[in-house]
1. Which whole-Hz couplings ³J(HN,Hα) result when phi for each residue of region A:152-163 is put into the Karplus expression 6.51 cos²θ - 1.76 cosθ + 1.60, θ = phi - 60°, listed in order with x for Gly and Pro?
2. What trypsin sites (Lys or Arg not before Pro) in region A:25-76 are in a loop by DSSP, with at most 16 other Cβ atoms within 10 Å of the Cβ?
3. Kindly write out, for region B:60-65 in residue order, the coupling ³J(HN,Hα) from the Karplus curve 6.51 cos²θ - 1.76 cosθ + 1.60 (θ = phi - 60°), rounded to whole Hz, with x marking Gly and Pro.
4. For residue A:184, go through the aspartates and glutamates and keep the ones whose alpha-carbon is under 19 Å away, minus same-chain ones fewer than eight residues off.
5. Under 5 Å between amide H atoms, partner at least 5 residues away or on a different chain: which partners does residue B:144 have, H built in plane at 1.01 Å?
6. Can you list residues whose amide H is under 5 Å from residue B:187's amide H, if they're 5+ apart or on another chain and H is modeled 1.01 Å from N?
7. Given 37 °C and 0.692 mPa s, compute D for region B:6-56 with the Stokes-Einstein relation, Rh being the Kirkwood radius over Cα pairs; round to the nearest whole µm²/s.
8. Strictly over 28 Å apart at the Cα level, which of A:49/A:173; A:76/A:167; B:58/B:170; A:49/A:167 would you flag in this model?
Amino acid sequence: MNGQAGAKMGSDTLGALLQATAGGDRRAFARLYDQTAPQLFGLALGILKRRDWAEEALQDAYTRIWRSAHRYDAAKGTGISWVVTIARNTALSTLMRRPRDEFAGNADDMAQMPSGDSDPMQRSMQLSDARQISGCLDELDGDQKSSILLVYYEGLTQKEVADRLNKPIGTVKSWIRRGLIRLKGCLDRASA
Amino acid sequence: MRALDAESRSQLAAEYALGTLRGPARTRVERLLETDAALRAEVEGWHARFAPLAGAVKPVEPPARVWLAVERLIAPPRPAPVPAALPARRPGLWQNLGFWRGFGLAAAAAATALVAVMVWPAPTPLPFQPTHVAILADDAKQPVLLVRADAALAEVSIEPLRRGPAPAGKAFELWLLRANNQPPLSLGLVQGTGPQLIALDRFAAESVRSATGAAISLEPQGGSPSGAPTGPVLFIGAIVTAQN
């Protein structure tokens, strides 16, 4: 378990920092921020597309992490999984408060995004510490996989995925639904 | 609500964790999560399954102002804040919000328009006589809350125009928006289910007189732990002087 791989976001380290943060240790929280903020900012940018919104979401996410660090339970998951979940939930909430059409006319911000339809599929190939889910995603049909990854990385709704892939929404819904069922089956087998 | 069968629970949890559920559907699951331990466990399982995907995102260094803002938000409350003395601070979360700049202008315009007809009430301790009024509206500009303050009496009356409690585990907190970049001042928690009267301390009562607006943010149960708004701004409106 211990991070000899030198991963910046080694779960043990983060879990310990979270526990210290829960006890009100501001220096531990600052270190937690240093170690995770670039990853979470990248995640928020992918979903929100605009730097100002992503900054707002990041600020919100870390305030939440500070406030609710006592709810982190090492028995239920790694520290990184916990902070990633908070960051994604915060980004999705930020997205829901914003009308989508505010996206229009922000070509500059969009241009900074590593976007493109093939990206999510390639991204999952690059995973090194996520072989399991990566391997299981590879077992899905291409459409199932790309739909799921578009939702995960870009925060698209099913309707938006349908528009992006130029498919009927019913088709996309069933891709995602079946994809998730197959994903769970595969991951359960892998960890059994 | 009837208990979910295992398959629908698993599906709901997966879609919630992935993020396909939005709006009311998402809120509904969040409410269910408060009480349904099995659903919570499923969602936690999915979060853990998905989390490694985040490792594939290209890290982007956030600007230093984000940390400065976080640090300020989590700072222990100061007995005597001196806003001007804080070095190069980023305007807080609220000033960040896109609509905020627009609101400031609108509030200033409304205040200018109405200040001319202001009549100061006699300082009688008896009846509630509003000196200041704000109608808080939602994103769609629909009025939600009528807030009236009697600065002399140091009381605020709150009347929901559209009634509804805060989501489970959350609270509505009422804030006074102040001029000159001063941080918002909490006036207390609002139930949202019926009329309510909040007594103000002297400082808050005096602040009402120069406030530019009022707003409701969504906070954890018990209110913002930091003394500054932390959750989304749900309803907002300009404060104008009452025409008595």
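Nothing in this text is a laboratory measurement; each read-out follows from the coordinates by a stated rule. Remember, it's a predicted structure, so these values are computed and weren't measured experimentally. Cβ coordinates were reconstructed from backbone atoms using ideal geometry, including for glycine residues, and neighbour counts include every protein chain displayed.
1. Rounded to whole hertz, the list is 5, 7, 10, x, 6, 7, 4, 5, 5, 4, 4, 5.
2. A:76
3. Whole-Hz 3J(HN,Hα) from phi for region B:60-65: 10, 5, x, x, 4, 4.
4. A:129, A:138, A:139, A:141, A:143, B:5, B:7, B:15, B:42, B:44
5. Counting only residues 5 or more places away or on other chains, the set is B:136, B:137, B:138.
6. B:174, B:175, B:176
7. It diffuses with D of about 297 µm²/s by this estimate.
8. Details: A:49/A:173 24 Å; A:76/A:167 38 Å; B:58/B:170 34 Å; A:49/A:167 23 Å.
Beyond 28 Å: A:76/A:167; B:58/B:170.
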